[in-house]
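The values are calculated or read from the model by the stated rules, or taken from the named source; none is laboratory data. Model, not experiment: these values are computed from the prediction. Methodologically, a virtual Cβ is constructed for each residue, glycine included, from the backbone with ideal geometry; neighbour enumeration extends over all protein chains shown.
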Ligand SMILES: *[C@@H]1O[C@H](CO)[C@@H](O)[C@H](O)[C@H]1NC(C)=O
């Protein structure tokens, strides 16, 4: 019996961890719609289409290390340095050497490190570019920072700060119906259950059991012992589950 209570306490804590993690997910999944946009579950878009100019680089070339770089959100361009259609271009000081760094058509959206980002491939000699999109609701004019390159893999990192990186600011802006994520729904159901449990429990103890004071709290015995259970749960996690067999959490 004691073991059962202990295990169910641990299971509750395990569930809580999962639910809280979902409640806190700061960067919701964004499904790629096109080269220039992705959509959250609720339909709001991260959409950079309006930032770029077809055929012309949006940003001035800026120096980083020994090279100058530019990028055009969403659309390919050609210029005096890069004579083939590309989304980003690199040239040296003298302007004698230059390389296209990727094409619009190869855009692949993903998310990591707190940013939605776009990976452009098909640059000259295997070069490719990752553009991290930083959400700044006040940045109506986008800003480009050249962060650096990973020389051996010919991978170039840019960060573009723009309001269009904030979901729902550009493109499809209104949430569409059915806009809650599974995590959000679980979060709400869980919160409602907690409230119902306590209110229902207090009413039950008062009117059915005729209890008063601390005894009104449903399962007050359990709640008094909870700190102990939590300690056990933490010890269980720290000991890597050696005390009982659990399935691993993926
Ligand atoms: C993105 O925004 C543009 C307007 O700026 C709109 O025409 C387009 O449909 C939106 N969505 C996608 C997937 O490009």
| From 158, 204, 222, which residue is surrounded by 13 or more Cβ atoms within 10 Å (Cβ to Cβ), more than 16 Å from the ligand (Cβ to nearest atom), modelled with pLDDT of 85 or more and not in a strand (DSSP E or B)? | 204
| query | Quick check, is residue 171 in contact with a helix residue (DSSP H, G or I) (Cβ under 8 Å, 6 or more places away or on another chain) and either within 16 Å of the ligand (Cβ to nearest atom) or in contact (Cβ under 8 Å) with a residue 40 or more places away in the chain (or both)? | reply | yes
| said: Every residue in segment 111-131 that is more than 21 Å from residue 53 (Cβ to Cβ) and touching a strand residue (DSSP E or B) at 6+ places or on another chain (Cβ under 6 Å), please. | reply: 115, 116, 117, 119, 121, 124, 127, 128, 130
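Let's see how each residue does on (1) within 16 Å of the ligand (Cβ to nearest atom); (2) farther than 21 Å from residue 32 by Cβ; (3) at pLDDT below 95:
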position	(1), (2), (3)
153	no, yes, yes
162	yes, no, no
177	no, yes, yes
181	no, no, yes
186	no, yes, yes
195	no, yes, yes
199	no, yes, yes
| said: Being out of contact with any helix residue (DSSP H, G or I) (no Cβ under 8 Å at 6 or more places or on another chain) and farther than 30 Å from residue 108 by Cα: is that true of residue 206 here? | reply: no
| message | Suppose we keep only residues that are more than 22 Å from the chain's Cα centre (by Cα) and outside any loop (DSSP other than H, G, I, E, B) within segment 118-145. Which one would you say is farthest from the ligand (Cβ to nearest atom)? | response | 125
